[in-house]
Amino acid sequence: MSDTLKERRRLLIATSSAGAVAAAATAVPFIASLTPSERARAAGAPVEADVGKLAPGEMMTVEWRGKPVWIVRRTPEMVAGLEAHEDRLADPASGEAQQPDYAANRHRSINPEYLVVIGICTHLGCSPSDKFTTGAASGIAADWPGGFFCPCHGSIFDLAGRVFRSQPAPTNLEIPPHKWLSASLVLIGEDDATA
């Protein structure tokens, strides 16, 4: 093979290699631009939460659409106690459309053990605090069954996010669309109806 052909061959290989590198360098940012940004995820993309390490009686918070979403792992006693105070609630049967149909029940959830609820008071948008301790030790009332207390204006909610009667908050806490992907993984922001 002549030196000219060898030189052309090396030049062709070098040019092809440089073109492949340039194509890859161009493709990487393009492909990365197709995934949702942090801003887009905060604006409404579904969020996964792993509740595998959440002990009974504990709560964790995840962010979805810029809002705090509480996931409470209720004890069997917490679930059993939901019926005892229904006569004191404004909407015990969840008649207002603040939850998907699968959460329009006494425990306002798919799985009675787990409550998935948006942690924003329906009065003026404050964030209530958890008051899981029952009775007088809670600082609420001697007959307090446990739940949430909004310190801004005094609204109280039970462990299913249902508001007590005669409170500033007009409605129960909102339940976001969600579905269980496994026994310990919940997807917030999407369910089978919205998928």
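The values are calculated or read from the model by the stated rules, or taken from the named source; none is laboratory data. Bear in mind that the values here come from a model prediction, so they are computed numbers and not experimental data. Cβ: placed from backbone, ideal geometry, glycine included. Neighbour counts: every protein chain shown.
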Qualifying residues in segment 143-153 (those that are closer than 22 Å to E58 by Cα and surrounded by fewer than 17 Cβ atoms within 10 Å (Cβ to Cβ)) - the one nearest to the chain's Cα centre (by Cα): P151
Unique residue being modelled with pLDDT of 70 or more, surrounded by 14 or more Cβ atoms within 10 Å (Cβ to Cβ), acidic (D, E) and closer than 30 Å to C126 by Cβ when the list is E58, E48, E63: E58
Inter-residue pairs, beta-carbon under 8 Å, first within 18 Å of D50 (Cβ to Cβ) and in the same structural domain as Q99 (by TED's automatic domain parsing) and in segment 69-84, second β-branched (V, I, T) and part of a loop (DSSP other than H, G, I, E, B), 6+ apart: I71/V51; R73/V51
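Just checking, which of A142, A160, A183, A193 is hydrophobic (A, V, I, L, M, F, W, C) and modelled with pLDDT under 80?
On the way: A142 fails: modelled with pLDDT under 80; A160 fails: modelled with pLDDT under 80; A183 fails: modelled with pLDDT under 80.
From the options A142, A160, A183, A193, the qualifying one is A193.
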Failed condition for I188, given (1) buried (at least 21 other Cβ atoms within 10 Å of the Cβ); (2) among the aliphatic types (A, V, I, L, M); (3) within 20 Å of V79 (Cβ to Cβ): (3)
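Conditions (1) more than 22 Å from E190 (Cβ to Cβ); (2) touching an Asp or Glu at 6+ places or on another chain (Cβ under 7 Å), marked per residue:
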{"site": "R73", "(1), (2)": "no, yes"}
{"site": "A80", "(1), (2)": "yes, no"}
{"site": "S94", "(1), (2)": "no, no"}
{"site": "A103", "(1), (2)": "no, no"}
{"site": "P176", "(1), (2)": "no, no"}
Matching entry among I118, I175, I110, I156 (being β-branched (V, I, T), assigned by TED's automatic domain parsing to the domain that holds M59 and either over 20 Å from the mean Cα position of the chain (by Cα) or closer than 21 Å to D87 by Cα (or both)): I156
Segment 171-182, subset touching a residue at least 60 places away in the same chain (Cβ under 8 Å) and more than 14 Å from Y102 (Cβ to Cβ), residue surrounded by the most Cβ atoms within 10 Å (Cβ to Cβ): L173
P112, sole failed condition from (1) surrounded by fewer than 17 Cβ atoms within 10 Å (Cβ to Cβ); (2) out of contact with any strand residue (DSSP E or B) (no Cβ under 9 Å at 6 or more places or on another chain): (1)
Residue match in segment 78-96 (condition: charged (D, E, K, R), modelled with pLDDT of 90 or more and within 20 Å of the chain's Cα centre (by Cα)): no
Members of segment 103-133 found to be touching a residue at least 24 places away in the same chain (Cβ under 8 Å) and more than 21 Å from T171 (Cβ to Cβ), listed by number: N111, P112, E113, Y114, F132
